[in-house]
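Single-structure report; data block below.
The values are calculated or read from the model by the stated rules, or taken from the named source; none is laboratory data. Because the structure is a prediction, the values reported are computed rather than measured. Cβ sites come from the backbone with ideal geometry, for glycine too, and all protein chains shown count toward neighbours. What goes into the accessible areas is simple: the full protein's heavy atoms, side chains included, and nothing from ligands, DNA or RNA. Shrake-Rupley method; radii C 1.70, N 1.55, O 1.52, S 1.80 Å.
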Amino acid sequence: MTENSTYQQLRGHLAYLRLAAAAEALPGELDHAQAKKLSHTAFLERLLAVEVTATEARRHAGLARFANLPAPWRLSDFDFDAQPSIDRALVNELATLRFLEDATNVLFIGPPGVGKTMLAVALGAASIDAGYRTYSTTAADLVARRHRAALEGRWATMRFFAGPRLLIIDEVGYLPLANEAAAALFQVITQRYLKSSTVLTTNLGVGSWGKIFDDPMVAAAMLDRLLHRSVVFNITGDSYRMRTHRAHAEKLRQAHGHRTPTEEATPTG
Ligand code: ADP
Ligand code: MG
């Protein structure tokens, strides 16, 4: 068999096995191996590493698409100095994702604008990076989707929220949940209880959860399951947006104080 026909057969094998990245890299890697006098092992390792990298990238992109994260927030973007009520070491510990192993839940509790969603999303991004199936939704969306699924008898969809290794439920408590909606949320929490982690954000302290649910027993039972194995952040302090807005206003005021009358007449954008 000639070298050329062996080469063609190798191309055929790679195509049959759907190793497209390796197929594309083959000519370059062959040249490289020849030039550097690589061993067969070293050549094969390099070629397959190309395919592994491509497969990992594809898998990551698929997980990221599925996850439905509302923003590309990362933990490294979070300004911990602006929010001293948050235990930075604890957040960094969570970022190792060990909490997923024993299905620990994470609750971010606090007023609007303090970074609850950002932290939840950043943990979601870390979980995707680690290769875990992750999904993000709001409480209102979750309830609406379960409601539709129940009406249409789509039982597989009823199990959907049990599937992800990490589920983010954002904005619990922003809207009051009537009996049926509360039951839907309760079922999701129950399906996941002790099996997989849920990260939940809420503007209501756990003592006020009775207020969002018509039935205080449902609220109590849900909290019982959520808190049984959990890490809770009670975030106090100012809205980050308001803070930057205030800092901006303060800078303008100071600049204003030092302006000469002519500068002051200059219109600003
Ligand atoms: P919440 O969910 O608590 O209402 P968000 O997480 O949506 O607040 O944060 C509001 C906005 O402020 C977002 O744009 C977010 O990126 C930003 N933000 C909040 N806290 C911080 C922080 N500590 N560092 C950097 N950005 C922050
Ligand atoms: Mg939010």
*asked:* Considering only residues that are small (Gly, Ala, Ser) and away from ligand 2 (no atom under 16 Å from the Cβ), which ones fall in segment 86-130?
replied: Ala89, Ala95, Ala103, Ala126, Ser127, Ala130
*Members of segment 82-110 found to be assigned to a helix (DSSP H, G or I) and open to solvent by 50 Å² or more (accessible area, probe 1.4 Å), listed by number*: Arg88, Ala89, Leu90, Asn92, Glu93, Arg98
_Looking at segment 191-229 only, could you name the residues that are closer than 23 Å to Met118 by Cβ, assigned to a helix (DSSP H, G or I) and open to solvent by 50 Å² or more (accessible area, probe 1.4 Å)?_
Val206, Leu227
*asked:* For segment 69-81, give me each residue that is assigned to a helix (DSSP H, G or I) and loosely packed, with under 15 Cβ neighbours inside 10 Å.
replied: Ser76, Asp77, Phe80, Asp81
*Does at least one position in segment 162-170 carry a residue that is farther than 24 Å from Leu75 by Cα, out of contact with any Pro (no Cβ under 9 Å at 6 or more places or on another chain) and in contact (Cβ under 8 Å) with a residue 12 or more places away in the chain?*
yes
*Specify which of the listed residues (Asp170, Asp214) is of a type in the set (D, E, K, R) and within 20 Å of Arg229 (Cα to Cα).*
Asp170
*Looking at (1) among the hydrophobic types (A, V, I, L, M, F, W, C); (2) buried (at least 16 other Cβ atoms within 10 Å of the Cβ); (3) touching a residue at least 12 places away in the same chain (Cβ under 8 Å), which is the one condition that is false for Phe66?*
(2)
*So which residues in segment 171-215 are of a type in the set (Phe, Trp, Tyr) and at pLDDT 95 or above, if there are any at all?*
Tyr193
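So for segment 161-174 (the condition being part of a helix (DSSP H, G or I) and of a type outside the set (A, V, I, L, M, F, W, C)), does at least one residue qualify?
Our first condition is that a residue be part of a helix (DSSP H, G or I); within segment 161-174, this holds for none.
No: segment 161-174 contains no residue that is part of a helix (DSSP H, G or I) and of a type outside the set (A, V, I, L, M, F, W, C).
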*Please find, among Ala22, Ala33, Ala42, the residue that is open to solvent by less than 100 Å² (accessible area, probe 1.4 Å) and closer than 22 Å to Ala57 by Cβ.*
Ala22
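Taking Val231 as the residue in question, decide whether it is touching a helix residue (DSSP H, G or I) at 6+ places or on another chain (Cβ under 6 Å) and of a type outside the set (D, E, K, R).
no
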*If you take the residues of segment 111-124 that are more than 6 Å from ligand 1 (Cβ to nearest atom) and open to solvent by less than 10 Å² (accessible area, probe 1.4 Å), which of them is nearest to Ser239 (Cα to Cα)?*
Leu119
*Search segment 125-143 for residues being in a helix (DSSP H, G or I), away from ligand 1 (no atom under 15 Å from the Cβ) and within 13 Å of the chain's Cα centre (by Cα), and hand back the single one that is surrounded by the fewest Cβ atoms within 10 Å (Cβ to Cβ).*
Asp129
